[in-house]
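Rule-based calculations on the coordinates, nothing more; no lab input. Note that the structure is a prediction, hence the values are computed from the model and not measured. We place every Cβ from the backbone using ideal geometry, glycine too, and count neighbours over all the protein chains shown.
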Amino acid sequence: MGWSWQSFRCRRTVATGGVATLLCTVVSVMFLIFAGYKQADTAQNQVTDAWNRVVPLIRQGPLPEILDSGEVSGIQVVDDRGHVVAATRNLAGAPPIASFRAPDTQVTTARVLCPPPGMHGCMTVFSYRVFQPQGPWVLYIAVPTIPWYGQTASLLLAVGVSVLIIAILTGWTYRDLTRAISPVNAIRAELAEITATDLGRRVPVPAKYEEIRYLAETVNDTLDRLEEAYARQRRFTADASHDLRTPVTAMRTRLEEALLHPEDADWPRTAEAVLSSVERLHRLVTDLLSLAQLDARTSLHSDPTDLRRLVATELDHREHRKKIVKDLPESVVIDCDRLRIARLLGNLLDNAERHATSQISVSVRRDPSAAVVEVVDDGAGIATEDRKAVFDRFTRLDAGYARDANGTGLGLAIAREIAMVHGGTLTIEDSDRGARFVLRLPTADRQVPA
């Protein structure tokens, strides 16, 4: 990845550099103010030392014409007539370096002169009043003017250290973010190369960064589910194509045979056979459309419904080839799409009638947290290892195919999907005899309108 302002790495690096710059600036300014204060204090001590050396010479003598400058830049002694009577060697023969004097109420004062006469550069000149019998004399002491940051070396040190710290922090941040993001780039690159024909590939899982490892593991889990869903979709497509072709092929074969020998054809039987294939094709298409709607999670038209009444109505409207035993003791209200729940019950009853020997039991009851419907037949039952498979699409066990070759193999899959979109479950549980389908749906707080 290149350097882009939109990237997290770029923004975080710039932010780190900005924060480091701000902190270094604050610390450097505080350091330079302290350095300037210490330098000014040193200069003041130098002036005080010079004053302590020269004033006794003025008062007690002898006062030499050439004074020792010591650590200051220049010294002049001016008598009461304004004549320079003593000075350091660099100011020998020069006029007074200043004309101001301390006020009568003060002993000393100072001013910055740029430059004082006979000197170069800006100097801070201190003027001291020295009392003599013939009149007050003036002692001038000049030292270089101290900037707020002290010496230039202090400024260079502060700037150099700040730049070094900022560069180290910014570079370290960029390097660390580059290492942290590289697994993400590897995941992105691998995902970009995965296609529908190569769903077996997985993204690399880094070992160093825990959060990115969790991300990679989640992506791989998602790819596992995607691969499984795609495999189911391919199986579904293959099975649907086969089941759609079967009735179409049967119809075409019967019609072609009849057309080859129209005078010998039994047209009523041919029409019946074609109609049977059309009915099977119609059921299959209807089931496929129902599954497509359920997969799309289309909105439910939910209303408060008395489940006992709905089950009783569905049982009363059907023609039964087996004995029906009802156990509907109490009303249970649920929020549901009545048409879809009726379709679910119809599919369970159709399945039970195909497998029951003589009797089907249907019951409705209330559990503490759900409404429960049970459909139990007295047939051979379903083996434990097949209880999950029967809900897969186009799955038809051998016993079911032998009893009804025209089934679509989608009834139980549709029933389970309807239960799931209502927030419920449809399972097969143990029974003394036959298959026992148990539907659980959330109960409703509302009442059924009168």
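Among Ser99, Ser277, Ser28, the residue with the largest mean-square fluctuation in a Gaussian network model of the chain, with springs joining Cα atoms closer than 10 Å, is Ser99. Highest average first, the peptides 321-331, 427-437 ordered by how many other beta carbon atoms sit within 10 Å of their residues are 427-437, 321-331.
Fewest neighbouring Cβ atoms within 10 Å first, the residues Cys24, Cys336 line up as Cys24, Cys336. Each Lys or Arg adds one and each Asp or Glu takes one away; over the other residues whose Cβ falls under 14 Å from the Cβ of Arg89, this sums to -2.
The value for region 263-328 of Rg(Cα) / (2.2 N^0.38 Å) is 1.78. Averaging the Cα positions of each part gives two centres, and for region 146-193 and region 331-374 these lie 69 Å apart.
Spin-label model, Val325/Ala192: points 7 Å from Cα along the beta carbon direction are separated by 6.6 nm.
Computed from label points 7 Å out along Cα-Cβ, the spacing between Asn185 and Leu339 is 5.5 nm. Note on His120 and Glu272: the model spin-label points, each 7 Å out from Cα along the C-beta direction, lie 13.0 nm apart. For the chain, the square roots a ≥ b ≥ c of the C-alpha gyration tensor eigenvalues yield an a/c of 1.5 or more together with a/b exceeding b/c, which makes the shape prolate.
Rounded to the nearest 10 degrees, the angle from helix 152-193 to the longest Cα principal axis of the chain is 10 degrees. Rounded to the nearest Hz, the phi-derived 3J(HN,Hα) couplings of region 41-47 under the Karplus curve 6.51 cos²θ - 1.76 cosθ + 1.60 (θ = phi - 60°) are 5, 5, 4, 4, 5, 5, 5, where x marks glycine and proline. Of the residues Gly379, Gly409, Gly93, the one that moves most in a GNM of the chain with alpha-carbon contacts below 10 Å is Gly93. Structure remark: mean-square fluctuation, Gaussian network model of the chain, C-alpha springs under 10 Å; the largest value among Leu91, Leu199, Leu191 belongs to Leu91. Scanning the chain for cysteines with no neighbouring cysteine C-beta under 4.7 angstrom from their C-beta gives Cys10, Cys24, Cys336.
Can you tell me how region 1-124 classifies by the Cα gyration tensor, rounded, prolate or oblate, using a/c under 1.5 as the rounded cut? Prolate, because a/c is 1.5 or more and a/b exceeds b/c. Whole-percent P(r), region 195-298, all Cα pairs, 5 Å bins from 0: 2, 10, 12, 12, 10, 10, 8, 8, 7, 6, 4, 3, 3, 2, 1, 1, 0.
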